[in-house]
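S.K.: Can you read through this structure? Questions will come right after.
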Amino acid sequence: MTEKKTEHYFSAQPAGDFTTKEIKVRLAHSDYTVETAGGIFSPDHIDAGTEQLLYSVPTPPQTGNFLDIGCGWGPLALTLALEAPAAHIYAVDVNQRALELTRRNAERLSLDNITASVPDQIDPQLSFHLMWSNPPIRVGKAELHAIMHTWLPRLNIGGQAYLVVAKHLGADSFEKWLSSEFASTHSVTREDTRKGFRIINVTRVS
C-alpha cells in the first residue's frame, strides 16, 4: 500500500489506466468543467491548500513569464492564464499524465498561453516574474529543497513566489529554511494563514 501511494503523483509514468473524468471547478471567479484522472495529485477536486493559495494571492500582473511548480491537472496554471491572458504561463510537473491533463484543460478553456512540460524542458535562460506553487512536500526535504534551489533563483529582481504548505506538514520549518537559505537574495514573509495552511511569499531582492 505504501509503495502504491508513493507512485500516486511523484512518478513520471503513473501505474493504472489513463481514464479521464470530468469535474466541475471554480477558477478565476467562474465555473468550468475540466478533465482529471487517477495517478495525479488531487484528481477529484481542487486541493484544500491550492484553494487557500488562490484565495490569498493578489491578482497577477497582466504580462510576464509565470510559473506553476507541480501543476497537477492545472488549477494554478489555468487560473493564471485566465487572469492574465497576455502573460505566458509555464506549468511544470514530473508526472506525464498531469502534464497531458493540463494541456487538455488549457485547450478546453481556449487558453493558448500555457506551456506544460517537465522541468528539464524549460529554457534554462528563462526567468520569471511570478511563481505559484503548492509544492510536493511529501517528496521529502532533500527533493523539496532541490526544487526550491532550481526555481527561486530564476525569479526576476522584484519577482515573487507564493507557496502554500500545510502547517502540520512542516510549513513553519520550511519557511524558516527558506529565510535562511535565500537570505542574501530573497525576502521571505508569511503572506497569510488560512485553515491550517501557511501562504509564504518569497521575493527576489538582489
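The values are calculated or read from the model by the stated rules, or taken from the named source; none is laboratory data. Nothing here was measured: the structure is a model prediction, and the numbers come from that model. Methodologically, a virtual Cβ is constructed for each residue, glycine included, from the backbone with ideal geometry; neighbour enumeration extends over all protein chains shown. Each accessible area value is taken on the protein alone, full model and side chains, heavy atoms only, with ligands, DNA and RNA left out. Shrake-Rupley method; radii C 1.70, N 1.55, O 1.52, S 1.80 Å.
S.K.: Under the condition of being assigned to a loop (DSSP other than H, G, I, E, B), of a type outside the set (A, V, I, L, M, F, W, C) and within 21 Å of THR203 (Cα to Cα), which residue from segment 111-142 is least open to solvent (accessible area, probe 1.4 Å)?
M.R.: Filtering segment 111-142 down to residues assigned to a loop (DSSP other than H, G, I, E, B) leaves 111-113, 118, 122-127, 134-136, 140.
Filter once more, keeping what is of a type outside the set (A, V, I, L, M, F, W, C): 112-113, 123-125, 127, 134-136, 140.
Narrowing further to those that are within 21 Å of THR203 (Cα to Cα): 124-125, 127, 134-136.
On the way: PRO124: 97, GLN125: 154, SER127: 42, ASN134: 29, PRO135: 7, PRO136: 25 Å².
Going through the qualifying residues, I end up with PRO135.
S.K.: Do we find that LEU155 is over 30 Å from PHE18 (Cβ atoms) and either basic (Lys, Arg) or open to solvent by less than 50 Å² (accessible area, probe 1.4 Å) (or both) in this structure? Even if it seems obvious, please write down each step before you answer.
M.R.: Details: over 30 Å from PHE18 (Cβ atoms): yes; either basic (Lys, Arg) or open to solvent by less than 50 Å² (accessible area, probe 1.4 Å) (or both): yes.
Yes; evaluated as a whole, the condition is true for this residue.
S.K.: Quick check on HIS145: is it part of a strand (DSSP E or B), in contact (Cβ under 8 Å) with a residue 24 or more places away in the chain, under 24 Å from HIS186 (Cα atoms) and open to solvent by 10 Å² or more (accessible area, probe 1.4 Å)?
M.R.: Details: part of a strand (DSSP E or B): no; in contact (Cβ under 8 Å) with a residue 24 or more places away in the chain: yes; under 24 Å from HIS186 (Cα atoms): yes; open to solvent by 10 Å² or more (accessible area, probe 1.4 Å): yes.
Spelling it out, it is not the case that HIS145 is part of a strand (DSSP E or B), in contact (Cβ under 8 Å) with a residue 24 or more places away in the chain, under 24 Å from HIS186 (Cα atoms) and open to solvent by 10 Å² or more (accessible area, probe 1.4 Å).
S.K.: Which of the residues that make up segment 86-110 are open to solvent by 30 Å² or more (accessible area, probe 1.4 Å) and closer than 30 Å to LYS195 by Cα?
M.R.: Going through segment 86-110, the residues open to solvent by 30 Å² or more (accessible area, probe 1.4 Å) turn out to be 86, 88, 90, 94, 96, 100, 103-104, 107-108, 110.
The answer is TYR90, VAL94.
S.K.: If you take the residues of segment 181-205 that are open to solvent by less than 60 Å² (accessible area, probe 1.4 Å) and of a type in the set (D, E, K, R), which of them is farthest from ALA146 (Cα to Cα)? So that I can check it myself, show each step before the final result.
M.R.: Kept after step one, since they are open to solvent by less than 60 Å² (accessible area, probe 1.4 Å), are these residues of segment 181-205: 182, 185-188, 192, 194, 196-204.
From the residues that got through so far, the ones that are of a type in the set (D, E, K, R) too are 192, 194, 198, 204.
Numbers: ASP192: 24, ARG194: 26, ARG198: 20, ARG204: 18 Å.
Going through the qualifying residues, I end up with ARG194.
S.K.: Follow-up. Check segment 39-49 and report whether any residue there is aromatic (Phe, Trp, Tyr), touching a residue at least 40 places away in the same chain (Cβ under 8 Å) and either surrounded by 19 or more Cβ atoms within 10 Å (Cβ to Cβ) or assigned to a loop (DSSP other than H, G, I, E, B) (or both).
M.R.: Here is the first cut: in segment 39-49, the ones aromatic (Phe, Trp, Tyr) are 41.
Next, only the ones that are touching a residue at least 40 places away in the same chain (Cβ under 8 Å) stay: 41.
Still in the list and also either surrounded by 19 or more Cβ atoms within 10 Å (Cβ to Cβ) or assigned to a loop (DSSP other than H, G, I, E, B) (or both): 41.
Scanning segment 39-49, I find at least one residue that is aromatic (Phe, Trp, Tyr), touching a residue at least 40 places away in the same chain (Cβ under 8 Å) and either surrounded by 19 or more Cβ atoms within 10 Å (Cβ to Cβ) or assigned to a loop (DSSP other than H, G, I, E, B) (or both), so the answer is yes.
S.K.: Can you name every residue in segment 71-85 that is crowded, with 21+ Cβ neighbours inside 10 Å and not in a helix (DSSP H, G or I)?
M.R.: Passing the criteria: CYS71, GLY72, TRP73, GLY74, ALA84.
S.K.: Which residue pairs have Cβ atoms closer than 8 Å, lie 6 or more positions apart in sequence or on different chains, and pair a first residue in segment 125-136 that is modelled with pLDDT under 95 with a second residue that is surrounded by fewer than 24 Cβ atoms within 10 Å (Cβ to Cβ) and not in a loop (DSSP other than H, G, I, E, B)?
M.R.: Close Cβ pairs satisfying both conditions: PRO136/TYR9; PRO136/PHE10; PRO136/GLU143; PRO136/LEU144; PRO136/ILE147.
S.K.: Test of understanding: among PRO124, PRO135, which residue is within 20 Å of PRO14 (Cβ to Cβ), out of contact with any His (no Cβ under 8 Å at 6 or more places or on another chain) and not charged (D, E, K, R)? If you could, list the steps in order and put the result at the bottom.
M.R.: Numbers: PRO124 fails: within 20 Å of PRO14 (Cβ to Cβ).
On inspection, the qualifying residue turns out to be PRO135.
S.K.: Scan segment 50-70 for residues that are buried (at least 16 other Cβ atoms within 10 Å of the Cβ) and in a loop (DSSP other than H, G, I, E, B) and report the count.
M.R.: Qualifying residue count for the region: 4.
S.K.: Condition first: outside any strand (DSSP E or B) and open to solvent by 60 Å² or more (accessible area, probe 1.4 Å). Now tell me which residues in segment 23-38 satisfy that.
M.R.: Let us first name the residues in segment 23-38 that are outside any strand (DSSP E or B), namely 28-29, 38.
HIS29, the sole residue that qualifies.
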